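Just below is one structure, and these are the notes that go with it.
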Amino acid sequence: MLSLNSMTNIFPHKHLLSSSQLSRSDILTITSRANEFISNGISAAHRYDLLRGKTVVSAFFEGSTRTKLSFELAARRLGADVLSFTASASSLSKGESLIDTLNTIDAMGVDIWLVRHSHSGAVELMSNFSHCAFLNAGDGQHQHPTQGLLDILTMLQHFGELDGKNICIVGDILHSRVARSTATLLQTLGANVGFLAPGTLLPHDYSHWNITLLKTIDAAVEWADGLNILRIQRERMEGGLLPSLEEYSQFYGVKMIHLQSKPNLLIMHPGPVNYGVEIDHDVAHATQSLIQKQVTNGVAIRMAVMALLAENFDRK
Ligand code: CP
């Protein structure tokens, strides 16, 4: 069983619900713990006992590949028992309420909930009805803090530090919990955040976000050290927000010509990707693209966050 050297960091939070609750020190505590896990090893050959004796329930009320599997893998690597709850195969289909579902699973003896839900605020609501720690795995258009943290870890590994770096978030910012989480963390670490989106896909209150608004993809490429490119969320669009995907791709899609004009431009995307819409296949697989690295870092970040929360349990 492996152990880590830095067991003295204090993480003053019971839950992780939003990026806005994290100070600069919290963010750096999480990313340095994640880097320690990466240095020690996060493969199946590397097992830790930091969550031994704890039960984690992974409750996804909305689809996920990366977040669900990496959270479950992270919990197992830390030695937890993992319950995997799938909403579509549960008694929700018989009319059981969200809170009755929560109380029922809590009664089995759970310590940590990992929750994704299509409604903004649903994870915080659940946390008010339970004694457990809650990790927000994405709620509606609100927050996805571990995605933001893995984006930050990936950028810190690449740039060393983020103070003064220009990072442009491109695409469907209106519907994006990733944009909200990552932008807040970037600003907390001193980076400059840019937005590039059609007017219909900008949040209505963007002027309060202290961002640089870029008008064209060429201007964004020139301004930015890195692009965080977002998926067009067709499932959250009510119609009329975009004339067509072809037109979106023409004016906002990231193509090889952009990478050729700035070869050291960092490319990131939280996934899943719509190739040929927000990003061309060749860009997503270019050497400047850290998309696969983001996925790998997701396991380490989720290990770090759960290990830090568990240290708080043990202090009680
Ligand atoms: N980035 C992200 O949240 O992906 P999943 O929906 O696959 O979890």
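According to a simple spin-label model (label point 7 Å from Cα along Cα-to-Cβ), what is the distance in nm between residue 246 and residue 96?
According to this spin-label approximation, the distance is 4.9 nm.
Could you count how many Lys pairs in the chain have their Cα atoms under 27 Å apart, skipping same-chain pairs fewer than 8 positions apart?
Close lysine pairs under the 27 Å cut-off: 15.
Determine ³J(HN,Hα), in whole Hz, for all residues of region 151-166 in sequence, where each value follows from phi through the Karplus function 6.51 cos²θ - 1.76 cosθ + 1.60 and θ = phi - 60°; x replaces Gly and Pro.
Values per residue, Gly and Pro as x: 4, 5, 4, 5, 5, 5, 4, 7, 9, x, 8, 10, 3, x, 6, 9 Hz.
Using the heavy atoms of the protein chains and a 1.4 angstrom probe, tell me the accessible area per residue for region 145-294 in square angstrom.
It amounts to 41 Å² per residue over region 145-294.
Could you check the spin-label model distance between residue 273 and residue 14? Points 7 Å from the Cα along Cα→Cβ, value in nm.
Taking the two extended label points, one gets 4.1 nm.
Hey, got the dipole for region 16-70? About the Cα centre, +1 on K and R Cβ, -1 on D and E Cβ, debye to the nearest 20?
It works out to roughly 100 debye.
Long-range amide H contacts for residue 169: which residues qualify at under 5 Å (H placed 1.01 Å from N, peptide plane, sequence gap of 5 or more or a different chain)?
194, 195, 196, 228
Quick one: P(r) of the chain from all Cα-Cα pairs, 20 Å bins, percents rounded to integers, in order of increasing distance.
Final binned percentages: 33, 56, 10.
What figure in square angstrom, to the nearest 10, would you give for the accessible area of residue 252 with a 1.4 Å probe?
40
With runs of 4+ DSSP H residues as the only contributors, calculate the mean residue ellipticity of the chain at 222 nm using -39,500 (n - 2.57) per run, divided by the residue total and rounded to the nearest 500.
Calculated mean residue ellipticity at 222 nm is -11500 deg cm²/dmol.
What percent do you get for the relative contact order of region 1-128 when only Cα pairs under 8 Å and 6+ apart count?
Numbers: 129 pairs, mean separation 35.0, N = 128.
Once normalised by length, the contact order is 27 percent.
Could you look at region 1-155 and say what percent of its accessible area is carbon and sulfur, using a 1.4 Å probe and all protein chains?
That share works out to 52 percent.
The values are calculated or read from the model by the stated rules, or taken from the named source; none is laboratory data. Given the structure is predicted, the values throughout are model-derived calculations rather than measurements. Reconstructed Cβ throughout: ideal geometry from the backbone, glycine too, with neighbour counts over all protein chains shown. Accessible surface areas use protein heavy atoms only, side chains included; no ligands, DNA or RNA. Shrake-Rupley method; radii C 1.70, N 1.55, O 1.52, S 1.80 Å.
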